[in-house]
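Chemist: Would you mind keeping the following structure in view while I ask a few things?
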Amino acid sequence: MTPHHTHSSRARMLVFIAWRNLWRNRFRTGLSIAAFGMALSMMIAYGVFIAGEMKQMRGYATDLVLGHIQLHREGYVKDQDIYAQIPQGLVKEVRDHLPPGVALAPRTYGFAMGSLGSLSTGVMLRGISPEEEARVTKIGSRLKSGGFDLSKPVPPRPGAEAVSPRIPVHPVLIGHQLARTLHAQVGDTITLVSQSLDGSIGRGLYRVNGVLSPIEITLDRMGVVMTIETFQELMIMEDGVHELVFSTPDSSHTGPLVRQIQQQANQWAGTHALSPFGGQVTVRSWETINPTLAQTVNMAGTITVIVSLLFFSIAGIGLLNTLLMSVFERKKEFGILLALGMGRGWLVAMVFLESIFLTLGAALPGTALGVYWGYLLETYGWDFSAYLPDGLDFMGIVFEPVLYGHMTLFSVLTPLTALFAITLLATLVPAWRLIRFQPVEVMGG
Amino acid sequence: MNTQTTEASAQSFSQPMAGTKPLVVMEGVTKRYRQGDVMVEALRGVNLTLAEGEFSALVGPSGSGKTTLLNMIGALDKPTSGRVSLNGTDLTQLSGAKLSAFRLHQVGFVFQAYNLVPVLTALENVAFVMVLQGRPPKEIEQRAMHYLERVELADLAHRRPKAMSGGQQQRVAVARALAAEPRLVLADEPTANLDTHTAFDLLDLMHELNREEKMTFLFSTHDQRVLERASRVISLHDGKIEEG
Amino acid sequence: MNTPDGKTPWKSLVRISWRSLWRNRRRTYITLSGISLGFALTVFFIGIGDGGHNNMIRNAVNMGDGHLTIQREGYLDAPMNHLFIAQGKQLEQQLLQAGIPGRVAPRIQLQVLASTSGNSIGAALTGIQPETDPKTNQLKKGLVTGEWLTTGDPQGVVVGARMAEKLKVKTGSKIVLMAGSEGGGTNTHLVRVRGVFRTGIEEYDSFVMISSLDMAQAFLVDEGANPAGRPVTRVAVFLDDESAMGLWKARLKALSLPAGLVVLDWQEMMPQLVSFVAFDNIGNYISLVFIFTMVAFGILNTIMMGVLERTREFGLLRALGMSPWALFTLVVMETFWLSLTALAIGWVLGGGLHAYFALWGLDMSAMYPGGMATSGTVMDSVIYSELSGARVGMLTGLILGITLLSGLYPAYRALRVTPLQALQT
């Protein structure tokens, strides 16, 4: 036999012995496998849940509220100055030079008093261009009741207060909380009173065409959405908008697009005079606009890693216990193997093999169970509507009470890697003890 | 002392001591049990009578059924057929809980090894059975100390088994058996793990207690050296008694 | 002749079980470290979780309308300006005479549209007693320019810094306030900015406008209130001891308050906050389940190994006359000692963590520089750990319960050991 042969056959024998050893104490091995399999599956499900939550948050933030990029006048960002408008010329310039796949939607904002019957409250007006808005955000698909169509008012609700047919009525969508405050339903007619841009008091009647699901806290509590034309009529605003929202297919790399639009705007501003108040044009990504949210979303990976390591350390102590027990109760046996000429290195290798087998035994069913749970979370979600009937508001954005998981390779591999890392770490202690066994101690057992 | 023992054993070798009432009576006792895939017939019709105050040895090669026989008498196991009675009580008629109680009050055990509860000291081990019997604490303490003195281990009273030699452990077991005032002490190969000198010492101690406390002893052994100390030798071969 | 088995030998069981636990010291130490570390971690999670929730609740209570709020029935459902309390002064007197340990703050809360030549935005106008209202404490120290309000000032307001920027106002500027009235019309009043405050909390700095009761009362007078009765929309009650809330809610209800008034606690005033806390607790409970599962496995492993390797010893105990149930009790006791010791260490570790974070706080300002806004309130960026007696009891009880449960199977195995097993070589 060549040394190589000895080596490989010895290795094979080692694997065999390690495997057999594992099943000598069935209860202990079974218990360890159950514990680690359980821990692993829970961690995988946790990772899937967190990833899903973050994906949902990010999706909400960009698809429903912020878009990927926004363009404002500085005065609007700082003071919500209603006069800090983006002139129509600039809107046209940007719109005409959009890169392929990028969409744009203009918006206007203002405040008014809204009332229905004897109830009244302050409201926030948002003027949108429905077709363009639909290309950028999914607001149109988020209605609790009614429809997104803002082309004409729906007929009045039976039993609603009568309105003189001579006064024009414009269609609006209102926030869910606002609808509650005003006791308004689809088909009701609300009165809006505002101070117009020219200083006069504007007043008009508006038909509730739809009630929006909670999306954004201000929109939910006090939002009234109308077309830009309707907005301009009420506020006597002749030209321009307050906000341009962009969506891009490459949402993870907004930087170049932000710079490109900024440059475009600066060029335009160089040749056309901007209104004296309102300041420069500023283009920002959603991460810059809501940094806390962006930070939270980006924390998902870190949180999964930290929690996995933390929880597996506790599980690791259990593994350490199992391995130490099995090494110490086999002192005599190790002594015999040493006497038979097996090197210490091989003994250590055997102990490592045992713990790897044990971990594999836990990893296979644990991963399967975890992936199954992850699948359930991804497919059916976790419904918290019993606790949060109106969704969960976090940093100004309202999230749905049904949380869905998002399974990625990362959310499965992170706990799996953490498990193996902790296992190998826990094996170091008995391995070290094994190297330190004195032959007398070993034989005397 | 040795001479007396030898005389006594010579006299009673073939039959129970005359003039004393029987303590243990076994009639037609058989015991079969399954070991793996084979049925083992450990006892094949044993008839045996032990008189009160006897110091008897049960001998036979290993596997001859010595342990099984002791288990029957000690109410640790039930025969497949036949009858075992101790002090007039038919053990085969007793249920589990009653057997437990019976054992507690009537039989003392000295095993081959691992006789002592490892986490208890010598004194606590001797006291243990008396505690289970529900004796008053004061009495327990006095009796435990007394019997530890009897086996000459009073100075090791607070040691745990780990810190005692094999012979010392066996003596504590003897003290424990006696302290509980049983009718009968059963010892299964009590000297098996001891060297010759220690084995003789232990048997001498047991015999001395047999005489002084009028305690009935039945011990099994396959060690021919200790036989001369027995007052009666019962020989077991292939599950049958070959006495006399 | 058969003496029945003696009573259960408790003393011996305690002695044997306790000492058995320490026979395999290494194993017990490792198990203990696992359990107590897990437990300490749980204490930390729960402490920080509860601390965060309590912080949010306190902020909500302090910035909002106190622990208890008295207002018109139906106001919560539909906050209409004509739903005011006509005899505000009388109600305040009544409450002051009740001897509430804390503060009583009459307030007028209105939704208004604030307009200047520069802009027009929605605002929450809160009329208070400028000298005594708890809001003064929070906002006066944040005053950036100008003066705080004085009682009887019929025109003065202080506004948040962001609102001042949006409206382009500074101290001395005029603002037109407009509120809806019962008939569907509007009422307007002119006010003057006396000062500007900055709290760092967006909701406050952008939306809140404070005036004296006398100013805000003008809108109620428009709705038909008699100014002589000092009308208010609500009276907020702040208790010195928040745990006395239930008691005082009952006592205030027992007062003969004017008809049509209700006493609400903060849970009723802010149901979404209650839901949020319940929701957020789910996360904590999940980690609790995870850690406790691991603890249960650890205990089961240790105790089971201890039982399996002591079959002989249990056989001996049985042969000596111990009953099976006494053996069962013995193993359960061992489990109990293990968990008691783990709890003691766990509470030292977890209590230490708790004490540290209760004293110094957990600084989350890297993640939430200005605090975290959710469910209508704010959680500060530094969270101090809090543990109530009920929590301590719950965590301790849970660990004990789980431990004893995981000891049942090994105990059952011990119960089945026969005396014959003592004799097997």
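Read the figures in this text as sums done on the coordinates, not as results from a lab. Quantities reported herein were computed from a predicted structural model and do not represent experimental measurements. Please note: Cβ atoms are built from the backbone with ideal geometry, for glycine as well, and neighbour counts cover all protein chains shown.
Chemist: Whole percent per 10 Å bin, from 0 to the bin with the longest distance: what is P(r) over all C-alpha pairs of the protein assembly as shown?
Modeler: Taking all Cα pairs of the protein assembly as shown, the binned fractions are 2, 8, 13, 15, 13, 11, 9, 8, 7, 6, 5, 2, 1, 0 percent.
Chemist: State the Cα centre-to-centre distance between region A:294-343 and region B:101-157 in whole Å.
Modeler: So the two Cα centres are separated by 44 Å.
Chemist: Based on the Kirkwood radius over alpha-carbon pairs, what value in µm²/s does the Stokes-Einstein equation return for the translational diffusion coefficient of region C:65-269 at 10 °C and 1.306 mPa s?
Modeler: Numbers: Rh = 17.3 Å.
D = 92 µm²/s.
Chemist: What shape does region A:289-361 take by its C-alpha gyration tensor, where a ≥ b ≥ c are the square roots of the eigenvalues and a/c under 1.5 counts as rounded, a/b above b/c as prolate, and the rest as oblate?
Modeler: On the way: a/c = 5.56, a/b = 3.61, b/c = 1.54.
In terms of gyration-tensor shape, prolate.
Chemist: Cα gyration tensor of region C:156-263, axes a ≥ b ≥ c as square roots of the eigenvalues: rounded (a/c below 1.5), prolate (a/b > b/c) or oblate?
Modeler: Details: a/c = 2.74, a/b = 1.41, b/c = 1.95.
Oblate, since a/c reaches 1.5 and b/c is not below a/b.
Chemist: What is the Rg over Rh value, at two decimals, for chain A, using alpha-carbon atoms and the Kirkwood definition of Rh? Provide the component values of the computation, followed by the final result.
Modeler: On the way: Rg = 32.6 Å, Rh = 26.6 Å.
Expressed as Rg/Rh, it is 1.22.
Chemist: Using the C-alpha atoms of region A:292-445, what convex hull volume per residue, in cubic angstrom, is computed?
Modeler: Values: hull volume 20.3 nm³, N = 154.
Per residue, the Cα convex hull of region A:292-445 comes to 132 Å³.
Chemist: Let me ask you something else. Nearest 20 debye, what's the magnitude of the dipole of chain C about its Cα centre given +1 on Lys and Arg Cβ and -1 on Asp and Glu Cβ? Walk me through the numbers before you get to the answer.
Modeler: Details: 35 positive and 30 negative charges, 360 e Å.
The dipole magnitude comes to about 1720 debye.
Chemist: Quick one: in region C:51-177, what % of C-alpha pairs are over 22 Å apart? Walk me through the intermediate numbers first.
Modeler: Details: 3726 of 8001 pairs.
The calculated P(r) of region C:51-177 puts 47 percent of pairs beyond 22 Å.
Chemist: If you don't mind, another one. Need one word for region A:68-289: rounded, prolate or oblate. Basis is the Cα gyration tensor (sqrt eigenvalues a ≥ b ≥ c); a/c below 1.5 gives rounded, then a/b vs b/c decides.
Modeler: Values: a/c = 2.24, a/b = 1.66, b/c = 1.35.
Since a/c reaches 1.5 and a/b is larger than b/c, the shape of region A:68-289 is classed as prolate.
Chemist: Say we join alpha carbon atoms closer than 10 Å with springs in a Gaussian network model of chain C; which of C:Ala236, C:Ala60, C:Ala326 then has the biggest fluctuation?
Modeler: Maximum fluctuation in the GNM of chain C, among the listed residues, is at C:Ala326.
Chemist: Could you state, as a whole-number percent, how many of the C-alpha pairs of chain C are farther apart than 29 Å?
Modeler: That fraction is 60 percent.
Chemist: Under 8 Å for C-alpha pairs, at least 6 residues apart: give me the relative contact order for region C:164-265, rounded to a whole percent. Before the final figure, lay out the partial values.
Modeler: On the way: 71 pairs, mean separation 17.2, N = 102.
17 percent.
Chemist: Provide a whole-number value for the mean count of partner chain Cβ atoms within 10 Å of the Cβ atoms in peptide A:215-222. Show your work: numbers first, answer last.
Modeler: On the way: counts 0, 0, 5, 3, 0, 0, 2, 3.
For peptide A:215-222, the averaged partner shielding equals 2.
Chemist: Given the options C:Gly118, C:Gly401, C:Gly88, state which has the largest fluctuation in a GNM of chain C using a 10 Å cut-off (strictly under) for Cα springs.
Modeler: Fluctuation is largest for C:Gly118.
Chemist: Under the definition of Cα pairs under 8 Å and six or more residues apart, what whole-number percent is the relative contact order of chain C?
Modeler: Details: 728 pairs, mean separation 111.7, N = 425.
Relative CO of chain C lands at 26 percent.
Chemist: Aspartates and glutamates within cross-link reach of A:Lys331: Cα-Cα under 13 Å, excluding same-chain residues under 8 positions apart?
Modeler: A:Glu441
Chemist: Sticking with this one: For chain A, find the longest principal axis of its Cα atoms and tell me its angle to the long axis of helix A:409-436, 0 to 90°, nearest 10.
Modeler: Result, in degrees: 30.
Chemist: Further question on the same structure: Enter the per residue convex hull volume of region A:37-134, computed from alpha-carbon coordinates, in Å³ rounded to the nearest integer. Show your work: numbers first, answer last.
Modeler: Values: hull volume 20.0 nm³, N = 98.
Considering the Cα atoms of region A:37-134, their hull volume per residue is 204 Å³.
Chemist: Top mean-square fluctuation among C:Lys166, C:Lys249, C:Lys11, Gaussian network model of chain C, C-alpha springs under 10 Å?
Modeler: So, out of C:Lys166, C:Lys249, C:Lys11, the one fluctuating most is C:Lys11.
Chemist: Could you pull out every one of the lysines with an alpha carbon less than 21 Å from that of B:Lys240, ignoring same-chain neighbours closer than 8 positions?
Modeler: Counting by Cα, and skipping residues close in sequence, B:Lys240 has these lysines nearby: B:Lys31, B:Lys66, B:Lys78.
Chemist: Just the C-alpha atoms of region C:322-425: what Rg/Rh do they give, with Rh taken as the Kirkwood radius? Intermediate results must be reported in sequence, preceding the final value.
Modeler: Details: Rg = 22.6 Å, Rh = 17.4 Å.
Dividing the radius of gyration by the Kirkwood radius yields 1.29.
Chemist: So what is the 222 nm mean residue ellipticity for the protein assembly as shown from helices alone, if each DSSP H run of at least 4 adds -39500 (n - 2.57) and you divide by all residues, rounding to the nearest 500 deg cm²/dmol? Let's see the in-between values first.
Modeler: Numbers: 36 runs with 536 residues, N = 1114.
That calculation yields -15500 deg cm²/dmol at 222 nm.
Chemist: Using a Cα-Cα cut-off of under 23 Å, which lysines could be cross-linked to B:Lys214, ignoring same-chain neighbours fewer than 8 residues away?
Modeler: Correct list for B:Lys214: B:Lys21.
Chemist: Here's a follow-up. Place +1 on the Cβ of every Lys and Arg and -1 on the Cβ of every Asp and Glu in chain A, take the dipole about the Cα centre, and give the residue among A:Thr302, A:Pro214, A:Pro168 whose Cα lies farthest towards its positive end.
Modeler: Highest projection toward the positive end goes to A:Thr302.
Chemist: How crowded by other chains is C:310-320, given as the mean number of beta carbons from other chains within 10 Å of each beta carbon? Please list the in-between numbers first.
Modeler: Numbers: counts 2, 0, 4, 5, 0, 3, 9, 3, 3, 11, 15.
Across the residues of C:310-320, the mean count of other-chain Cβ atoms within 10 Å is 5.
Chemist: Over chain A, what is the relative contact order in percent, taking alpha-carbon pairs closer than 8 angstrom and at least six residues apart?
Modeler: On the way: 764 pairs, mean separation 120.4, N = 445.
Relative contact order, chain A: 27 percent.
Chemist: For region C:351-374 and region A:261-280, what is the separation of their Cα centres, given in Å?
Modeler: Going from one Cα centre to the other spans 44 Å.
Chemist: Got a sec? Charge dipole of chain C, +1 on Cβ for Lys and Arg, -1 for Asp and Glu; which of C:Val274, C:Val112, C:Ala358 is way out at the positive end?
Modeler: C:Ala358
Chemist: Further, regarding this structure: Looking only at the protein assembly as shown, where both bridge partners belong to it, what percent of the DSSP beta bridges are antiparallel (to the nearest 5)? Please list the in-between numbers first.
Modeler: Details: 111 of 152 bridges.
Of those bridges, close to 75 percent are antiparallel.
Chemist: Lysine pairs in region C:65-269 with alpha-carbon atoms under 20 Å apart, 8 or more places apart or on different chains: how many are there? Spell out each step's value before the answer.
Modeler: Numbers: C:Lys89/C:Lys135; C:Lys89/C:Lys253; C:Lys140/C:Lys170; C:Lys141/C:Lys170; C:Lys166/C:Lys174.
Qualifying lysine pairs in region C:65-269: 5.
Chemist: If you find the alpha carbon centre of region A:37-97 and of region A:212-230, how far apart are they in angstrom?
Modeler: Cα centroid of region A:37-97 versus Cα centroid of region A:212-230: 16 Å apart.
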